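*Asks:* Once you've had a glance at the structure underneath, I'll fire off some questions.
The values are calculated or read from the model by the stated rules, or taken from the named source; none is laboratory data. From a predicted model like this one, the values you see are computed outputs, not experimental measurements. Note that we place each Cβ from the backbone using ideal geometry, even for glycine, and neighbour counts take in every protein chain shown. Accessible surface areas use protein heavy atoms only, side chains included; no ligands, DNA or RNA. Shrake-Rupley method; radii C 1.70, N 1.55, O 1.52, S 1.80 Å.
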Amino acid sequence: MAIARSEPRADGLGEIVGVLREWQHEETPFRLHPGDLGWFWRFGAEATAAAVRTWSRNGRILAVGLLDHPGLLRLTIAPDAHRDEELARRLFRDVTEPEHGVLPEGRVSVEAPGGGLARDLRDSLSGDGWNVGEPWTPLRRDLTEPVNGPDVRIEVIRPERAHIRTAVQRASFDGSTFTDDRWHEMAAGLPYADARCLVAFDDHGDAVAALTVWVA
């Protein structure tokens, strides 16, 4: 059967989160993570669903894209579909032709993991006049053995302390719109079920750093 592109409903996001969890392996290139959808979920489930695109054959999802903003598609591909030429051709058409409803006209970007079909897609885009941007540098740390803790107090943020987490985010990034309400939207999302927000405090009790740990 032909490959079908679709935009999920909010109640269909659980399947996509599950697929992304299955695709995470240490030996494969860095790829779109369930936490990427989880972070976007701060805008709500409906907005997250509207930003997602999937490509499927016979009901099986082969590729997932997230419009991190209207002009940036973050794309990942099933580990066993990296030699699927039909999928490569369909992805190329969908990202290069605005009328297909993936990317708009004007300046746009596609982020894809290295290797296989994604490399072929990048080559096709380069041949079509696209420019190669700066690559991501993924960092890895083996947590099999215990890791020495930092010399600061770390707190797992509960809902009643969400204002501390959001305040650190806004202080760290100019233009950040991460409000308390958006933290609660994110925390209500499916990917956050196994996630944790951590905040570091200095000797004076001031919050100085924050992050969200997502689990695949």
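*Asks:* For the subset of region 53-87 comprising residues that are among the small types (Gly, Ala, Ser) and crowded, with 22+ Cβ neighbours inside 10 Å, which member is farthest from the chain's Cα centre (by Cα)?
*Replies:* Here the answer is Ala63.
*Asks:* When you look at Leu73, is it part of a strand (DSSP E or B), closer than 26 Å to Glu46 by Cα and of a type outside the set (Asp, Glu), yes or no? First the steps, then the outcome.
*Replies:* Values: part of a strand (DSSP E or B): yes; closer than 26 Å to Glu46 by Cα: yes; of a type outside the set (Asp, Glu): yes.
Here the answer is yes, as Leu73 does meet what is asked.
*Asks:* Look at Gly133 and say whether it is modelled with pLDDT under 90, open to solvent by less than 70 Å² (accessible area, probe 1.4 Å) and of a type outside the set (S, T, N, Q).
*Replies:* Values: modelled with pLDDT under 90: yes; open to solvent by less than 70 Å² (accessible area, probe 1.4 Å): yes; of a type outside the set (S, T, N, Q): yes.
Yes: the conditions hold for Gly133.
*Asks:* While we're looking at this one, here's another question. Within region 114-123, does at least one residue satisfy the condition of being touching a strand residue (DSSP E or B) at 6+ places or on another chain (Cβ under 6 Å) and of a type outside the set (Gly, Ala, Ser)?
*Replies:* yes
*Asks:* What's the number of the only condition in (1) more than 20 Å from Ser6 (Cα to Cα); (2) touching a strand residue (DSSP E or B) at 6+ places or on another chain (Cβ under 9 Å) that Gly106 fails to meet?
*Replies:* Among (1) more than 20 Å from Ser6 (Cα to Cα); (2) touching a strand residue (DSSP E or B) at 6+ places or on another chain (Cβ under 9 Å), Gly106 violates only (2).
*Asks:* Does Leu139 satisfy being of a type in the set (A, V, I, L, M, F, W, C), open to solvent by 60 Å² or more (accessible area, probe 1.4 Å) and closer than 26 Å to His25 by Cα?
*Replies:* Taking the combined requirement at face value, the residue satisfies it.
*Asks:* Could you check region 204-216 and list, in sequence order, the residues that are part of a loop (DSSP other than H, G, I, E, B) and of a type in the set (A, V, I, L, M, F, W, C)?
*Replies:* Selection gives Trp214, Val215, Ala216.
*Asks:* Among residues belonging to region 17-38 that are out of contact with any helix residue (DSSP H, G or I) (no Cβ under 7 Å at 6 or more places or on another chain) and modelled with pLDDT of 95 or more, point out the one that is surrounded by the fewest Cβ atoms within 10 Å (Cβ to Cβ).
*Replies:* Gly18
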